[in-house]
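Enquirer: Once you've had a glance at the structure underneath, I'll fire off some questions.
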2 protein chains.
Amino acid sequence: MSGMNGAQALIRTLTGAGVEVCFSNPGTSEMHFVAALDSVPQMRGMLCLFEGVATGAADGYGRMTGRPAAALLHLGPGLANGLANLHNARRAATPLVTVVGDHATYHKRFDAPLESDIDALAGSVSGWTRRSLRSADVAADAAEAVAAASAGLIATLILPADVSWSEPAEPAPALPVRPPSPVPEDVIATAAKALRSGEPCTILLGGTAVRRPGLEAASQIAGATGARLLCETFPARLERGAGLPPVPRLAYLAEMAAPQLAGTRHLILAGAQAPVSFFAYPGQPSSLVPAGCEVHTLAGRGEDGPGALAALADLVAAGAPVQSRATAQARATAQAWATAQAHPAERPGLPDGALTAEKASAVIGALLPEGAIVSDESNTSGLGLGSATAGAPPHDWLTLTGGAIGQGLPLAAGAAVACPDRPVIALEADGSAMYTISALWTHARQGLDVTTVIFSNRSYAILAMELERVGAAGEAAPAGKAARSLLDLPGLDFTALAAGLGVPASRATTAGELAAGLRQALAEPGPHLIEAVLP
Amino acid sequence: MSGMNGAQALIRTLTGAGVEVCFSNPGTSEMHFVAALDSVPQMRGMLCLFEGVATGAADGYGRMTGRPAAALLHLGPGLANGLANLHNARRAATPLVTVVGDHATYHKRFDAPLESDIDALAGSVSGWTRRSLRSADVAADAAEAVAAASAGLIATLILPADVSWSEPAEPAPALPVRPPSPVPEDVIATAAKALRSGEPCTILLGGTAVRRPGLEAASQIAGATGARLLCETFPARLERGAGLPPVPRLAYLAEMAAPQLAGTRHLILAGAQAPVSFFAYPGQPSSLVPAGCEVHTLAGRGEDGPGALAALADLVAAGAPVQSRATAQARATAQAWATAQAHPAERPGLPDGALTAEKASAVIGALLPEGAIVSDESNTSGLGLGSATAGAPPHDWLTLTGGAIGQGLPLAAGAAVACPDRPVIALEADGSAMYTISALWTHARQGLDVTTVIFSNRSYAILAMELERVGAAGEAAPAGKAARSLLDLPGLDFTALAAGLGVPASRATTAGELAAGLRQALAEPGPHLIEAVLP
């Protein structure tokens, strides 16, 4: 096509490669990209009022579709504002294409006010980074970016303004997407040998292995061998609920994770990293691998975890009489696993009375709709959610993969764009919500079916706990006034904030009010927010 | 002192070196720092709900005091969230110490979820970066950080958790602060020669040269030589108002800046960079220096601009009869400058009727109190503010030095902490406000005397303008629906947002309502917000 500029060719290349949504927070250097959106109706540009919302939404979209969305950002500071949620996306192995506008190539040497080291920032999160330097190249660069991203990476394309506005350019064809690498047979055989050893085995599942196929294969293995199953602490997307094999998540707190792993002689990693304490604590080990335990990586990053589990199940659960080789104890465990292979449908009863975190979890467990997508950034308030929702109808659970708070509301936006026919529930701590609160505006503007529950305890409760756990304060020397003033969050009114951003909101101080609010929110289309006021 | 850990020694070193405020957004790895605040009452920790608020507040504090505040951030993602306002602070040459908590030294190799490349991020904004690796070293490192920052840099100290919690450590004495370098005599003589050449000269003032001493020296030079005076487009802190020499700011738009510089044969830079277009535009030059103009750097970064101007004034305005050598035209200009050396006290009348951006500027000009500190991120809506406030009582004007929006509300917080006896006025575009809106909570929590005026035009108006200026849309091909959807900001209610964050708020749709709201806000202590609804 004649007369196409770099931006037009870029966007056509993205849509040709299956990238159909661009979560955007543009500036002047991206104006040709923005204008070009009107010439490519296949690409849906969606405005976010802060870059961290755009990147978090792209993460949510990628987790739910397996295909990259694009995030359009403005120069170095725009990328910087998006980095925290890109960090989470990197840890989630989410496919994601970041397009970072830059000054025109000839303008950079003048050190204009917005000039900064974009490449250094991009490198901190991206598995693939390129600066397009000619309009004729940008489409092919974009095609490579999509292919790279599709392998579970953040691909960052730096787009100078003149490359965007210059001609000639034409779209490039999509490149083949490389599937996850198959796991070599000898690696599977090694895992099988460990499982048949009669020694206690634990399979730690993560990445794509915590969706239904991986879970079912793992459950079959556990049923046949007595292996324990655990899910990584912060899975990108965990399928769970009634009818799915229940796989407990490894606890966040090392002292709770230790008994989950205790006695394991062989730890088999299927899409998960070797377990490590989230933070260091004085005198505590960083690694959570029990002493004397051998670690086997069945499937690492970029490898086909579900496929490896299926092959392993064929080896240990189909052919040889595995249970005859195992100990009596292992046989009993295996039987227990087999009967519990699918979680029964069960929900907690609806509690009443003044709201507590535990009752809030029960309400959510009682009402969680089938097919829900839960964006969970509830932190300490959500400790009871796992058990309260374990038997709810099948749903997806998205967690804070990288620990960079401010993920939940943006992630919910992207998940809702990806799956417009499914209800999205954002379970959000009050402190975390404030990092990217403007995501609510995107919920409203796009009419997304997101129900946000704010767990309002008016505190960075996790830090009040960590303050003691790291030994910085405790019973002997409680936190002083200065320290407390950095952990308390008085005076936030989330119903007012929601109103300011266009989202209908209510406040719940009793379990009944939360249930009523949640029922109404789930019954009506579009976004809602409920401020759950906790003690 | 025995039994002091790294965090305690660090904080004592900071306070000993004059760093008395720490704008904080901590996490687990900073808990010993937080706990240590109670043992050092000289350090005031102030919580911000987002890191960009902490860094922007530290910028505002540093601009007003000339001394660094500290910003306490949590690992790579915390630093990332603070980078945009650190970018602005870097451009403002603000003294600022960033303390970035990191995982314990022995924990880093385990690639825990929050692990990322802090050093790469720090390097993108910092003039000084160090990772303290032993508790015995951290105090001396902190002393160096303060000394480095005091020269107008961002100094970033990366603080591993175990360095924070370990002993032994003891405070380090403050290091001498190096004053700005004096400008060599031959450089001053070269500038004097240019000023005496009889050829048209312009002095472009920036940095510390736009405070009263520099402005008065420059005005004296202009009066004697006929040189034109201009202030850089985005000064960190401009002193202006009645009784101060009026120095127009170089326009943001190149087509408006060109006539300001037209005809200049000698451009003398005093604390400013050579003028450059903020963005590149197709077919337009990046440099704003007129053809055939010679550029003389009288004082660059880190040099004593006000001192150089005073010395230059002594050379050209005290001794030799400069005017006799100048042309008739230059003499006339010099006379005009001399009479206008101090701006007269004058204010616009209070307008009435439906609010417009122009009327809002007039209201602010009519009511701006003496000694006000204006944090200006009003963007397009504030185009009339300069002239409307030029004759208001003396005040400071803080601008968006680096172009990374989301500066205004945090900067106002820091300025108010720095100058508790002065009224702070944040003039804020609606789109920009949304990047760091939680700064309002800090205004409320700290009881800061900040009056925020939101210019609500429900649009990224500057981008609607830039879309045409870059040639991406125009009369022939107006912006389409997709492009417009990325520039419009419907549905924000800033009075509700303010209520949600604890700040009393009102809405003004007429000039009279804005005046009434502003009068009330200025009369009452503590924070207020007025949403000025523009057409």
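The values are calculated or read from the model by the stated rules, or taken from the named source; none is laboratory data. Treat the numbers as computed from the prediction; the structure is a model and nothing was measured. Here the Cβ positions follow ideal geometry from the backbone for every residue, glycine too, while neighbour counts run over all protein chains shown.
Enquirer: In the stretch A:114-151, which residues are in contact with a His (Cβ under 9 Å, 6 or more places away or on another chain) and not polar (S, T, N, Q)?
Expert: A:L114, A:E115, A:V125
Enquirer: So is B:T225 away from chain A (no Cβ under 14 Å) and crowded, with 24+ Cβ neighbours inside 10 Å or not?
Expert: When the stated conditions are applied, B:T225 passes them.
Enquirer: Now for a different question. Answer yes or no as to whether A:P176 is within 30 Å of A:A143 (Cβ to Cβ) and in contact with an Asp or Glu (Cβ under 6 Å, 6 or more places away or on another chain).
Expert: Answer is no for this residue.
Enquirer: For the structure I just gave you, tell me whether B:T399 is β-branched (V, I, T), in contact (Cβ under 8 Å) with a residue 40 or more places away in the chain and within 14 Å of another protein chain (Cβ to nearest Cβ).
Expert: The answer is yes for B:T399.
Enquirer: Next question, about the same structure. Which of the residues belonging to the stretch B:516-532 are away from chain A (no Cβ under 14 Å) and either crowded, with 22+ Cβ neighbours inside 10 Å or part of a strand (DSSP E or B) (or both)?
Expert: B:G517, B:L518, B:A521, B:H528, B:I530, B:A532
Enquirer: Need the failing condition index for B:A143 against (1) touching a Pro at 6+ places or on another chain (Cβ under 8 Å); (2) within 25 Å of A:P275 (Cα to Cα); (3) of a type in the set (A, V, I, L, M, F, W, C); (4) in a helix (DSSP H, G or I), just the number.
Expert: (2)
Enquirer: Go over the candidates B:Q323, B:Q341 one by one and state the one that is modelled with pLDDT under 95, in contact with a helix residue (DSSP H, G or I) (Cβ under 8 Å, 6 or more places away or on another chain), assigned to a loop (DSSP other than H, G, I, E, B) and over 30 Å from B:E531 (Cβ atoms).
Expert: One residue alone meets the criteria, B:Q341.
Enquirer: Going through the stretch A:443-466 one residue at a time, which ones are facing another protein chain (nearest Cβ under 8 Å) and either closer than 30 Å to B:P490 by Cβ or among the aromatic types (F, W, Y) (or both)?
Expert: Within the stretch A:443-466, A:A444, A:R445 qualify.
Enquirer: Filter the stretch B:244-294 for residues that are part of a helix (DSSP H, G or I) and in contact (Cβ under 8 Å) with a residue 12 or more places away in the chain; which is farthest from B:I203 (Cα to Cα)?
Expert: Filtering first and then ranking leaves B:A254.
Enquirer: Are any residues in the stretch B:109-119 within 7 Å of another protein chain (Cβ to nearest Cβ) and among the hydrophobic types (A, V, I, L, M, F, W, C), and if so, which ones?
Expert: The answer is B:F110, B:A112, B:L114.
Enquirer: Tell me the residue from A:A257, A:A270, A:A274 that is of a type in the set (G, A, S) and surrounded by fewer than 20 Cβ atoms within 10 Å (Cβ to Cβ), please.
Expert: On inspection, the qualifying residue turns out to be A:A274.
Enquirer: Next question. Is it true that some residue in the stretch B:348-357 is modelled with pLDDT of 95 or more, in contact with a Leu (Cβ under 7 Å, 6 or more places away or on another chain), within 19 Å of B:F494 (Cα to Cα) and not hydrophobic (A, V, I, L, M, F, W, C)?
Expert: yes
Enquirer: List the residue pairs whose Cβ atoms are under 9 Å apart, where the first residue sits in the stretch A:461-478 and is more than 25 Å from A:T356 (Cβ to Cβ), the second is surrounded by fewer than 16 Cβ atoms within 10 Å (Cβ to Cβ), and the two are 6 or more positions apart or on different chains.
Expert: A:V470/A:P282; A:G471/A:P282; A:G471/A:G283
Enquirer: Among the listed residues A:A139, A:A147, A:A122, identify the single one that is under 24 Å from the mean Cα position of the chain (by Cα) and away from chain B (no Cβ under 14 Å).
Expert: Testing whether each residue is under 24 Å from the mean Cα position of the chain (by Cα) and away from chain B (no Cβ under 14 Å) leaves just A:A147.
Every residue, every condition in (1) assigned to a helix (DSSP H, G or I); (2) crowded, with 20+ Cβ neighbours inside 10 Å, yes or no:
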position: B:V183; (1), (2): no, yes
position: B:I188; (1), (2): yes, yes
position: B:G198; (1), (2): no, no
position: B:I203; (1), (2): no, yes
position: B:T208; (1), (2): yes, yes
position: B:G214; (1), (2): yes, yes
position: B:A218; (1), (2): yes, yes
position: B:P235; (1), (2): no, yes
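Enquirer: When you scan the stretch A:352-396, how many residues do you find that are part of a strand (DSSP E or B) and either small (G, A, S) or without any contact (Cβ under 8 Å) to a residue 12 or more places away in the chain (or both)?
Expert: The qualifying residues number 2.
Enquirer: Output yes when any residue across the stretch B:237-244 is crowded, with 22+ Cβ neighbours inside 10 Å, closer than 17 Å to B:L312 by Cβ and under 22 Å from the mean Cα position of the chain (by Cα), and no when none is.
Expert: Within the stretch B:237-244, not a single residue is crowded, with 22+ Cβ neighbours inside 10 Å, closer than 17 Å to B:L312 by Cβ and under 22 Å from the mean Cα position of the chain (by Cα).
Enquirer: Still on this structure, please answer the following. Just for the stretch A:15-47: of the residues that are under 30 Å from A:A112 (Cα atoms) and of a type in the set (A, V, I, L, M), which one is surrounded by the most Cβ atoms within 10 Å (Cβ to Cβ)?
Expert: The selected residue is A:V34.
Enquirer: So which residues in the stretch B:362-391 are out of contact with any His (no Cβ under 8 Å at 6 or more places or on another chain) and more than 24 Å from B:Y61 (Cβ to Cβ), if there are any at all?
Expert: Residues satisfying the conditions are B:A362, B:V363, B:G365, B:A366, B:L367, B:T380, B:S381, B:L383, B:G384, B:G386, B:S387, B:A388.
Enquirer: Please enumerate the residues belonging to the stretch A:467-504 that are more than 8 Å from chain B (Cβ to nearest Cβ), assigned to a loop (DSSP other than H, G, I, E, B) and not small (G, A, S).
Expert: Listed by number, the residues that qualify are A:E475, A:P478, A:V503, A:P504.
Enquirer: Please determine whether any residue of the stretch A:389-398 is over 14 Å from the mean Cα position of the chain (by Cα) and modelled with pLDDT under 95.
Expert: Taking every residue of the stretch A:389-398 in turn, none turns out to be over 14 Å from the mean Cα position of the chain (by Cα) and modelled with pLDDT under 95.
Enquirer: If we scan the stretch A:98-119, do we find a residue that is under 20 Å from the mean Cα position of the chain (by Cα), farther than 24 Å from B:Q273 by Cβ and buried (at least 20 other Cβ atoms within 10 Å of the Cβ)?
Expert: The answer is yes; a qualifying residue exists.
Enquirer: Residue check, A:A415 against (1) within 12 Å of chain B (Cβ to nearest Cβ); (2) aliphatic (A, V, I, L, M); (3) within 18 Å of the chain's Cα centre (by Cα), all met but one. Which one?
Expert: Every listed condition holds for A:A415 apart from (1).
Enquirer: For residues that are more than 10 Å from every other protein chain (Cβ to nearest Cβ) and of a type in the set (F, W, Y), scanning just the stretch B:15-72, find the one that is nearest to the chain's Cα centre (by Cα).
Expert: B:Y61
Enquirer: To continue, here is another question. Is one or more of the residues making up the stretch B:90-105 away from every other protein chain (no Cβ under 14 Å), in a strand (DSSP E or B) and over 29 Å from B:R228 (Cα atoms)?
Expert: Scanning the stretch B:90-105, I find at least one residue that is away from every other protein chain (no Cβ under 14 Å), in a strand (DSSP E or B) and over 29 Å from B:R228 (Cα atoms), so the answer is yes.
Enquirer: Of everything in the stretch B:37-77, what is more than 20 Å from B:A404 (Cβ to Cβ) and out of contact with any Ser or Thr (no Cβ under 8 Å at 6 or more places or on another chain)? Give them in sequence order.
Expert: Answer for the stretch B:37-77, where residues must be more than 20 Å from B:A404 (Cβ to Cβ) and out of contact with any Ser or Thr (no Cβ under 8 Å at 6 or more places or on another chain): B:L37, B:D38, B:S39, B:P41, B:R44, B:T65, B:G66.
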